[in-house]
Amino acid sequence: MKDLQNTPPCDMGVQIGGLRLANPIMPASGTFSEDLSDVFDLDILGAHVLKTIMRDARAGNPTPRVCDLQGGMLNAIGIPSKGIGYFRDTMLPYWAGYSAPLIVSISAHTMDEFAQLCEEVTLPGVAAIEANISCPNIEADGRAFAMRPDTTEQVMTRLRAATDLPLWAKLTPNTGEPVEVALAAEAAGADALVVANTALGMSIDVRTRQPRLGNIMGGMSGPAIKPIALRMTYQIARACSVPVIGCGGIATRDDALEFMIAGARAVQVGTATFQSPTVMARLVAELSDWAAAEGLTSIEQIIGTVTAPTGGHS
Amino acid sequence: MKDLQNTPPCDMGVQIGGLRLANPIMPASGTFSEDLSDVFDLDILGAHVLKTIMRDARAGNPTPRVCDLQGGMLNAIGIPSKGIGYFRDTMLPYWAGYSAPLIVSISAHTMDEFAQLCEEVTLPGVAAIEANISCPNIEADGRAFAMRPDTTEQVMTRLRAATDLPLWAKLTPNTGEPVEVALAAEAAGADALVVANTALGMSIDVRTRQPRLGNIMGGMSGPAIKPIALRMTYQIARACSVPVIGCGGIATRDDALEFMIAGARAVQVGTATFQSPTVMARLVAELSDWAAAEGLTSIEQIIGTVTAPTGGHS
Amino acid sequence: MTIHPTILSVPAPEGLQPRCAEARTRVVSNTPVNGEYHLLTLDAPAEVLACQPGQFFQLLCPEPEGEHPYLRRPMSIYGYDAEAGQLQFLYKVTGAGTRGLATLKSGDGLNVLGPLGQGFTMPAERKNLLLLARGVGLATLAPLARMAQQQGRRLTAICSARRPELAMSVDLFLSYGAEVIVVHDGDGSATPEALRSVIEAQIAQGRVDAFYTCGSARLLRLLQELGAKHNIPGEVAMEQQMACGLGMCQACVRSFREGDQVVHRRVCREGPVFPISEAIA
Amino acid sequence: MTIHPTILSVPAPEGLQPRCAEARTRVVSNTPVNGEYHLLTLDAPAEVLACQPGQFFQLLCPEPEGEHPYLRRPMSIYGYDAEAGQLQFLYKVTGAGTRGLATLKSGDGLNVLGPLGQGFTMPAERKNLLLLARGVGLATLAPLARMAQQQGRRLTAICSARRPELAMSVDLFLSYGAEVIVVHDGDGSATPEALRSVIEAQIAQGRVDAFYTCGSARLLRLLQELGAKHNIPGEVAMEQQMACGLGMCQACVRSFREGDQVVHRRVCREGPVFPISEAIA
Ligand SMILES: Cc1cc2nc3c(=O)[nH]c(=O)nc-3n(C[C@H](O)[C@H](O)[C@H](O)COP(=O)(O)OP(=O)(O)OC[C@H]3O[C@@H](n4cnc5c(N)ncnc54)[C@H](O)[C@@H]3O)c2cc1C
Ligand SMILES: Cc1cc2nc3c(=O)[nH]c(=O)nc-3n(C[C@H](O)[C@H](O)[C@H](O)COP(=O)(O)OP(=O)(O)OC[C@H]3O[C@@H](n4cnc5c(N)ncnc54)[C@H](O)[C@@H]3O)c2cc1C
Ligand SMILES: Cc1cc2nc3c(=O)[nH]c(=O)nc-3n(C[C@H](O)[C@H](O)[C@H](O)COP(=O)(O)O)c2cc1C
Ligand SMILES: Cc1cc2nc3c(=O)[nH]c(=O)nc-3n(C[C@H](O)[C@H](O)[C@H](O)COP(=O)(O)O)c2cc1C
Ligand code: FES
Ligand code: FES
C-alpha cells in the first residue's frame, strides 16, 4: 500500500460489453428505487438497475413477504408491477434526470411475452436490458428458464432478436449446471451475465409452525449466499468470454474485490442496502481509495487476478 | 407450555425405516469421531454416523482445508481414509463398545467400487449404511451421483443389491432437481434420505488473491445453509414416503424442531459441533424438555406438522 | 450534549436536504418501564431530529447471545428533542431484535435510520382530538399528544390495557394536558362495546373532531364504524414486516380502499399513518 | 476468585474424567504488551486448568464490528494456575478473531475449549534445555520454562525478534532462571548463520540436552540440522488452520517423516508438539 495522499487517482471505469460504467458498483434489481435518493445522490453509482417489471399490472405475493436469517434474509415479494405503461410514462422520465446508465430488468412467464416486453422496453434512455430469467417459466412446468441450458438458450435467442440494446442475463444459483447455463446464454447472444439471483430457501416459525413467508418458500440473499455466488462467478468467468457481473451478499469493499478478483467486471449490491442504505456510496469511495493506494491506474487491472493456492500438507 | 415439573417425560424415540433411534439427534458424517468422547458420553446420541470411508487408503486434499465464513465455514477435507481394513479391524470393534446404532458412511468414484465397498461394510455391528452419493462420480464427468436422478437411481440400485442393511442416501443441495433425485433414490430402494450435504462455495483472500482453500472450491456448511437444507427437507418429505433426516446448519433446539416440523424424522448436526462440542448433548436434553413441556407423549407427533401460512395483504 | 457524526456524510444532491439519514447515536439510558416495556433514550445528531409525530426509525439492533437479527427493526418515535439532541423509543421485548435492544447500556453505540414515513396530519379545524390505543401502540401517539398541546388543541386519551397498572404513558398524557381515560380487561371496560359507549359519550359532548389510533385491528374497526356514523375523520398508524423501510423492496404492503378499488400501499413510505376510512383492519 | 460454571455439565462416562471441557470464563484483564501483542488473563474453572505446557485452547472469539469469525481460534497456553483459577494467553492481533479478542474488557465472558492436544515432554535426562523462538512463538514456550525451573533444569532461552525491544517475554524467562540471549534483525544476529554459531557455542559448552521451539520454519530447519549433527533430540510446536480442535475433522493435518514414509498427523490431536526430527518444515 502506498501513501494515499501522494497517489494519483485510479480510473474506476469498467467496460461491460459496449457500455462503459463510471465505476463497478450498481444496485441489484428489487433492492433499489428512486426512494434511495433520500439518502444519497444516486448519480455516484456506476449504473441504476430497476426492479424487474412484467408486462401487466400484478399484485405480488401475500405477506409476510420477508423474514430475516443469520447473515441474510428470505424474500418472496413476487413481482408487483404497475405494468409497462407506468414504466414508459412515469419511471423512464424520472430516471432520465440522472446521468448514470439505466438498466431495465424484465421478466415473463412465457417466451412470447418475454420477447414482446423486451421489444417494448427498447426505448431511448434505456442503456441495457437485464433479463431476469430466474423467474418461473410456465412452459417448463414452473421451472425458471435459467435452470437449464436449453430453456436458457431458447429464451435468450428470442430476446436477442427483440432488441439492439445491450442484453444481460441474470442467472440463478438453484441450477445444478451453472456453467452450461452461462454458456448457453452467451451462445444466444447475451452481452453480460449477472451471477446470481437468490437461492431458494425456507424458514418456519417454530411457535406457530407456519412458514415465515406467506409464499412458503422464497429467495435467500445477503452474506450467507456470498460463497455460492462467488464460486459461480469464478466458474463462469473462466468458462465464458462475456463480462460477468457479480451479485450475492456483497456488503464490504473486500466483498466487492473478492468478486472482481474471481473474474467479475462489476458488482451488484442488494440486501446490504437494507442493513445500511449508504453502503453503495461507501463502496464507491472505499474502492477508489483502495485502488489509488494500491497504485493501480485502472480498476480493471484487478479483474480475474485470482492466483493458484500455495497449498501443501505442511 | 405446561409446567415442566409435573409433566410425564415424552418418548423421544423415532423410527427410521426398520431402525429405532433413542432420540432424533445424531452427528453428521465428517464432523464426528471417537475423539468427541473426551467431551461427553457418546451413548446419549440417537446414532453414531462416521466420516465417509472409501475402499483404499487416501491422503485427502491439500491444506488449508477449512476457512470460516459469516455464519458457517467452507471445507475441502476430501476423504482421507485408512482404507477398509482399518475400518474392519480397528474402528468397528471400538464402536461396538457403544449401544447407540452405528451408521457407516461410504463413497466411491465408480459404481463398481461403491457396490463392492457396500458389500464389504455389511458387517455385524453396523446398523445402517449411509451412501454419500454427493461425491464426484468419475463415470459422469466428475459430477456427483446425486446431481441427477438417473445416476442416483443407477448407483442406489447397485448398492441396494449389495446389502441387506438399512440403506440411507445422502443428497446434495447443488442439484437443480432435488425432488427428482430423492424420488429416484427412493425408487431404487433407499430406506431413508439424508437432506443434505454441503453447498459448493468459494472464498478468496483479497490480500494474497489466493483461494482460501487449497482445493480452491469447497463445501459450505453451518447456519448459512440452513434455509436451503430446510427447503429441500420440506420439498422432499412431501414428495417421498421414506423417512427424511434433516441436515444443514442445525445449532439450536429450534433449528432441530424447524426441520422436524418441515417433515424430518431425525436430524444430523455437523458444523455446530465445531463451535460448541457439547451442542448435541444440549440438544438431546433441550428437545426432551420441550416435548415434555408441550405435553407430547411421543416426539414423532411433531414430524411434518407445518401448517399453511395465514398470509394476506393486510 | 455531544453530537455524534453520522456514519457517512454522502454529498447531498445539489439543493436537496436528505429527508432521512443513517446515523450513529449513543445510548443515554435504556430502562425497563411498566414490567413489559423498555424506554430507550439516545444522543442523536441534528440531521435525524427533524421528526414528525407518527414517523418511525429503523434500528440496527445488536445481536443478543446466540441470536442473529439481520434486518433493521422499525420503531415509532416516542420522543424527539432537536434542542437537547435526543431521541426516544418505547419498545416491548418480543424477539431477537428487541432482545438485542434490551442489552444496550448507557454509552453504547446504536445505528439508526430515519426519520422515515409519513407522520400524522392535524388540519387546523381539528380542535378536539381523541387518541385511542392499547399497549405499546400508545408510544406512537405520545409525540402527537405533545404537539397537540403545543398547538393548543384539546386532547382526550383513552389508554387500554390488560390491567390498569399496565396502561402505558398515563402520566405522560396527563402532563400534555390530556384528559385520560383508562380502560382495562379486568372490569370489562376495554371491550369494543364498552369502549363504544365511552366514545359515543365523548362525541355527544362535542369533544371529538378527529380520531387518532394505532396498532389494534379491533380498535381500528370500532373507529371506522364510529367515524362513518358520525362523519368524524381520523388516522391510524399501521404495522407490517419490513426490510428496507425506505420504499424500495415492496415488503411492507397492506391493502387499502381507494374508492371502489383495493390497492396496495407501502406502510414504510405511504404510511405508517393512513386515513382510518381507507385502512383495512 | 470466582469459579464460573461450565456452560453445560454433561454426565461424564462412568469412571472417566473428561480430558477437556467447554467452559465459560471471565476476563480479568486484557492488556497490550510490547506494541504488537495482547495479554489476556481469565478466571477459569478448575476443570480446564489441568494443563500441560505446549497444549492449547480453542477460543470462541467475540465478533468485532462488521466481522464475523465463526470458527474458534487456537491459542497456546501462555500461563495457567489451578490454584489461582487463572489462565493466560498471549496473542498477536492478525485478523477477525484476534481483533474480536482485543475488544474484550475486564468482566466480559469468554467461552474456551481445552486444554487440547499433546504438550511438551521432558524426560528426566534432559537437564539442559535450549528454547528457541521468535515473536509470539515464545508464548508457547513460557509455561515450559516455568515447569523446567520447578523441576530444577537448566535453561537457555534464545529470543529472536525484529528489534531488540520487541523480544517477547525476556523478563519472564529471566524470572524463570533462564539465561536469555536476545538476537534481532537489526544487527544481523538473528540470521540462521549467526544463530548457528550461537547455538554451536552453547552445545560446545555442554549446555544443550534438548531443543524446544515453535513457529518459524526457518528455525525448525536450523534445529533439525543441528540436532542431526550433534544427536540432540527436540520438540517443536506447530500450527495449522483448524476447525474442531479435537481431532474430528481432519482439517489440521501436516506431513511428518515416519521412517521412510511421509504420513499425515493432526496438529490438534497428535500435536501441536512433535519431535523435531519428524517434522517437515
Ligand atoms: C412502523 C412501525 C412502528 C413500530 N413501533 C413500535 C414501537 O414503538 N414499539 C414497539 O415495541 N414495537 C413497535 N413496532 C413493532 C416492532 O417493529 C416489532 O415488535 C419488532 O420488529 C419485533 O422484532 P423482534 O426481532 O424483537 O421480534 P421477532 O418477532 O423475532 O421479529 C421477527 C421479524 O418480524 C418483524 N416483526 C415482528 N413484529 C412486527 C410488527 N409488529 N411489525 C412489523 N414487523 C414486525 C421484525 O421486524 C423481524 O423482521 C413497530 C412496527 C412498525 C412497522
Ligand atoms: C496450536 C496453535 C497455537 C497457537 N498459539 C498462538 C498464540 O499463543 N498466540 C498467537 O498470537 N497466535 C497463536 N496461534 C495462531 C493463531 O491461532 C492465529 O493467529 C489466529 O487463529 C488468527 O485468527 P484471526 O481471525 O485473528 O486471523 P485470520 O487470519 O483472519 O484467521 C483466519 C483463519 O485462519 C486461521 N489461522 C490464521 N493464522 C493461523 C495460524 N497461524 N495457525 C492456525 N490457524 C490460523 C484462523 O484460525 C482462522 O480460521 C496458534 C495457532 C495454533 C494452531
Ligand atoms: C427484496 C428483494 C427483491 C428482489 N427482487 C428481484 C427482482 O425483482 N428481480 C431480480 O432479478 N432479482 C431480485 N432480487 C434478487 C437481487 O437482485 C439479488 O440478485 C440477490 O438478492 C442477491 O444479492 P444480495 O445478496 O446482494 O441481495 C431481489 C432480492 C431481494 C432481497
Ligand atoms: C469438515 C467437514 C467434513 C465433512 N465430511 C463429510 C463426509 O466425509 N461425508 C459426508 O457425507 N458429509 C461430510 N460433511 C458434510 C456434513 O456431514 C453435513 O452434511 C454438512 O456439513 C451440513 O451440515 P452442518 O451445516 O450441520 O455442518 C462434512 C462437513 C464438514 C464441515
Ligand atoms: S420495507 Fe421496503 S418498501 Fe417498505
Ligand atoms: S482441527 Fe479438526 S482434526 Fe484437527
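Structure notes:
- Ordering D:S29, D:G100, D:A84 by Cα displacement along the dipole of the range D:6-116 toward the positive end leaves D:G100 in first place; charges were set at the Cβ atoms of Lys, Arg (+1) and Asp, Glu (-1).
- Position C:E67: other-copy label points at 2.7 nm, ordered by increasing distance, label point 7 Å along Cα→C-beta.
- Cα gyration tensor, the range A:27-113 - rounded (a/c under 1.5), prolate or oblate: oblate
- Summarised as an ellipsoid, the range C:183-281 has semi-axes of 28, 16, 11 Å, derived from the eigenvalues of the Cα gyration tensor scaled by 5 and square-rooted, with the largest first.
- Taking other residues whose beta carbon is less than 13 angstrom from the beta carbon of C:R163, and scoring Lys, Arg as +1 and Asp, Glu as -1, yields -2.
- Inter-copy label distances at D:V93, using a point 7 Å along Cα-to-Cβ, come to 3.2 nm with the shortest given first.
- When both bridge partners sit in chain B, DSSP labels roughly 45% of those beta bridges antiparallel.
- Contact surface D-B: accessible area buried, both sides summed, square angstrom, 1.4 angstrom probe: 2900
- Summarising the amide proton neighbourhood of D:A21: residues at separation of 5 or more, or on other chains, whose placed amide H is nearer than 5 Å comprise D:G114.
- Choice from D:R207, D:R266, D:R19 with maximal GNM fluctuation in chain D (Cα, 10 Å cutoff): D:R19
- Backbone phi angles across the range A:198-206, fed through the Karplus curve with coefficients 6.51, -1.76 and 1.60 (θ = phi - 60°), yield HN-Hα couplings of 6, 9, 5, x, 7, 8, 10, 7, 5 Hz in residue order; Gly and Pro are listed as x.
- With both labels modelled 7 Å from their Cα along Cα-to-Cβ, the B:D112 to D:T103 distance reads 5.7 nm.
- Cα centroid separation - the range D:158-186 against the range B:22-43, whole Å: 45
- Cut-off 12 Å between beta-carbons: net charge of the residues surrounding B:V14, Lys and Arg +1, Asp and Glu -1: 0
- Dividing the C-alpha radius of gyration of the range B:4-302 by 2.2 N^0.38 Å, with N its residue count, gives 0.95.
- Pairs beyond 19 Å (Cα-Cα), from A:K51/A:K226; A:K226/B:K226; A:K226/B:K51: A:K51/A:K226; A:K226/B:K51
- FRET efficiency, C:E225 to C:A194 (Cβ-Cβ, R0 22 Å, nearest 0.05): 0.90
- With only the Cα atoms considered, the protein assembly as shown has a convex hull volume of 191 Å³ per residue.
- Mean partner shielding of peptide A:174-184, defined as the number of other chain Cβ atoms within 10 Å of each residue Cβ, is 3.
- Computed FRET value (nearest 0.05) for B:R209 with B:D164, which takes r as the C-beta separation and R₀ as 56 Å: 0.60
- Inter-copy label distances at B:A308, using a point 7 Å along Cα-to-Cβ, come to 5.8 nm with the shortest given first.
- Amide H partners (placed H, <5 Å) of B:C247, local residues excluded: B:V195, B:A196, B:Q268
- Chain C residue nearest the axis that carries C onto D, by Cβ, with distance in whole Å, is C:E63, 4.
- Interchain or long-range residues, amide H under 5 Å from D:E235's placed H: D:F211, D:Y212, D:T213, D:I276
- Relative contact order of chain B: 22 percent, from C-alpha pairs under 8 Å at least 6 residues apart in sequence.
- With DNA, RNA and ligands ignored, accessible area of A:D289 (1.4 Å probe; Å², nearest 10): 80
- Estimated 222 nm signal from helices in chain D, with DSSP H stretches of n ≥ 4 weighted -39500 (n - 2.57), rounded to 500: -6000 deg cm²/dmol
- Full extension of the chain segment joining C:V93 with C:Q261 gains 56.8 nm, where the gain is 0.36 nm per residue of separation less the Cα-Cα distance.
- Computed from the C-alpha gyration tensor, the three semi-axes of the ellipsoid equivalent to the range C:28-108 are 21, 13, 12 Å, from longest to shortest.
- Label-point gap, in nm, between B:S298 and A:E180 - each point 7 angstrom along Cα→Cβ: 4.3
- Taking a ≥ b ≥ c as the square roots of the eigenvalues of the alpha-carbon gyration tensor, the range D:128-240 is classed rounded because a/c is under 1.5.
- Distance in nm between pseudo-label sites at C:A124 and B:E34 (7 Å out along the Cβ direction from Cα): 9.0
- Rounded to whole numbers, the Karplus 3J(HN,Hα) couplings from phi for the range C:57-63 are 10, 10, 9, 8, 6, x, 7 Hz, using 6.51 cos²θ - 1.76 cosθ + 1.60 with θ = phi - 60°, and x at Gly and Pro.
- Check: chain B dipole with +1 on Lys, Arg Cβ and -1 on Asp, Glu Cβ, in debye: 700
- Per residue accessible area of the protein assembly as shown, 1.4 Å probe, in Å²: 36
- Dipole magnitude of the range C:6-116 about its Cα centre (Cβ charges: Lys, Arg +1; Asp, Glu -1), debye to nearest 20: 180
- Degrees separating the helix D:192-204 axis from the principal Cα axis of chain D, which is the longest one: 80
- Rounded to the nearest 20, the size of the Cβ-charge dipole of the protein assembly as shown about its Cα centre is 880 debye, with Lys and Arg at +1 and Asp and Glu at -1.
- Candidates C:G227, C:G135, C:G186, ranked by Gaussian network fluctuation over chain C, Cα under 10 Å, top entry: C:G186
- Evaluating kT/(6 pi eta Rh) at 10 °C and 1.306 mPa s, with the Kirkwood radius of the range A:219-314 over Cα pairs in the Stokes-Einstein relation, gives 113 µm² s⁻¹.
- Rounded to the nearest 500, the 222 nm mean residue ellipticity of chain B from helices alone is -8000 deg cm²/dmol, with -39,500 (n - 2.57) taken per DSSP H run of at least 4 residues.
- Between the beta carbons of C:E67 and A:D11, assuming R0 = 60 Å, the FRET efficiency works out to 0.85 to the nearest 0.05.
- P(r) histogram, all alpha-carbon pairs of chain D included - 5 Å bins from 0, percent: 1, 6, 12, 16, 19, 17, 14, 9, 5, 2, 1, 0
- When both the range D:25-85 and the range B:223-292 are represented by their alpha-carbon centers, they are found 32 Å apart.
- Projecting the Cα atoms of B:S81, B:Y234, B:C67 onto the charge dipole of the range B:4-302 (Cβ charges, centred on the Cα centre) puts B:C67 farthest toward the positive pole.
- Peptide B:33-44 shows a mean partner chain C-beta count of 6 within 10 Å per residue C-beta.
The values are calculated or read from the model by the stated rules, or taken from the named source; none is laboratory data. Note that this is a predicted model, so its numbers are computed, not measured. All Cβ positions, even for glycine, are placed from backbone atoms using ideal geometry, and neighbour counts span all protein chains on display. In case anyone asks, the SASA skips ligands and DNA or RNA and just uses the protein heavy atoms, side chains included. Shrake-Rupley method; radii C 1.70, N 1.55, O 1.52, S 1.80 Å.
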